[in-house]
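Peer 1: For reference, the structure I am asking about is given below.
The values are calculated or read from the model by the stated rules, or taken from the named source; none is laboratory data. Note that the structure is predicted; figures quoted are calculated from it, not measured. Neighbour counts are summed over all protein chains in view; Cβ atoms, including those assigned to glycine, are modelled from backbone coordinates with ideal geometry. In case anyone asks, the SASA skips ligands and DNA or RNA and just uses the protein heavy atoms, side chains included. Shrake-Rupley method; radii C 1.70, N 1.55, O 1.52, S 1.80 Å.
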Amino acid sequence: MPFWKELWRYAKHQPNVYVDTSSDYLNQSIVKMAVGYLGYRKVLYGCDGPYGMKEYNKYDYSEKKSWVDSLEIPDDQKEYILGKNFLELVKEL
């Protein structure tokens with residue numbers, strides 16, 4: 001986490017390097033900056049579940065998903081972050 005700016009500069013120009021939103025050290029502002037800098041095609045929605053689960057089988061995905069939902073980008077671009085980017089990655093395997 002302390003080197004995310006350097007990592008973003010690297011990831012931006014690598015066709016096979018992405019960032020995800022799974023860390024509990026992220027917040028809405030950092031996700032917004034990542035999408036603004038890297039673009040929606042380089043960001044993958046992630047949640048880190050079940051890490052951080054308060055009760056067995058009761059992980060709350062809504063906070064991290066709300067970070068993506070709140071982005072001021074078109075809904076079709078949010079769909080890429082929320083799953084289409086990942087599906088395109090695994091399709092290539």
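Peer 1: Among the candidates Arg41, Arg9, which residue alone is in a helix (DSSP H, G or I) and over 11 Å from the mean Cα position of the chain (by Cα)? Outline the logic, then answer.
Peer 2: Numbers: Arg41 fails: over 11 Å from the mean Cα position of the chain (by Cα).
The conditions single out Arg9.
Peer 1: Somewhere in the range 53-70, is a residue among the aromatic types (Phe, Trp, Tyr) and modelled with pLDDT of 95 or more? Working first, answer last.
Peer 2: So the first thing to find is which residues in the range 53-70 are among the aromatic types (Phe, Trp, Tyr), and the list is 56, 59, 61, 67.
In the following step, the residues that additionally are modelled with pLDDT of 95 or more were identified as none.
No: zero hits.
Peer 1: Filtering the range 21-38 down to residues that are out of contact with any strand residue (DSSP E or B) (no Cβ under 9 Å at 6 or more places or on another chain), under 24 Å from Tyr59 (Cα atoms) and assigned to a helix (DSSP H, G or I), which residue is least open to solvent (accessible area, probe 1.4 Å)?
Peer 2: Filtering the range 21-38 for residues that are out of contact with any strand residue (DSSP E or B) (no Cβ under 9 Å at 6 or more places or on another chain), under 24 Å from Tyr59 (Cα atoms) and assigned to a helix (DSSP H, G or I), the one least open to solvent (accessible area, probe 1.4 Å) comes out as Ile30.
Peer 1: Determine which member of the set Leu7, Leu26 is without any contact (Cβ under 8 Å) to a residue 24 or more places away in the chain and of a type in the set (A, V, I, L, M, F, W, C). Step through it out loud before you land on a result.
Peer 2: Details: Leu26 fails: without any contact (Cβ under 8 Å) to a residue 24 or more places away in the chain.
Just a single option satisfies the conditions, and that option is Leu7.
Peer 1: Got a number for residues in the range 1-20 being open to solvent by less than 100 Å² (accessible area, probe 1.4 Å) and of a type in the set (Lys, Arg)?
Peer 2: Counting residues in the range 1-20 that are open to solvent by less than 100 Å² (accessible area, probe 1.4 Å) and of a type in the set (Lys, Arg) gives 1.
Peer 1: Also: Quick check, is Lys58 assigned to a loop (DSSP other than H, G, I, E, B) and exposed (fewer than 12 other Cβ atoms within 10 Å of the Cβ)? Talk me through it step by step, then tell me what you get.
Peer 2: Numbers: assigned to a loop (DSSP other than H, G, I, E, B): yes; exposed (fewer than 12 other Cβ atoms within 10 Å of the Cβ): yes.
It is true that Lys58 is assigned to a loop (DSSP other than H, G, I, E, B) and exposed (fewer than 12 other Cβ atoms within 10 Å of the Cβ).
Peer 1: Would you be able to tell me the number of residues in the range 61-72 that are surrounded by fewer than 17 Cβ atoms within 10 Å (Cβ to Cβ), of a type outside the set (Gly, Ala, Ser) and under 14 Å from the mean Cα position of the chain (by Cα)?
Peer 2: So in the range 61-72, the residues surrounded by fewer than 17 Cβ atoms within 10 Å (Cβ to Cβ) come out as 61-63, 65-66, 69-70, 72.
Still in the running and of a type outside the set (Gly, Ala, Ser): 61, 63, 65, 69, 72.
Imposing the further condition that a residue be under 14 Å from the mean Cα position of the chain (by Cα) reduces the set to 61, 63, 65, 69.
The total comes to 4.
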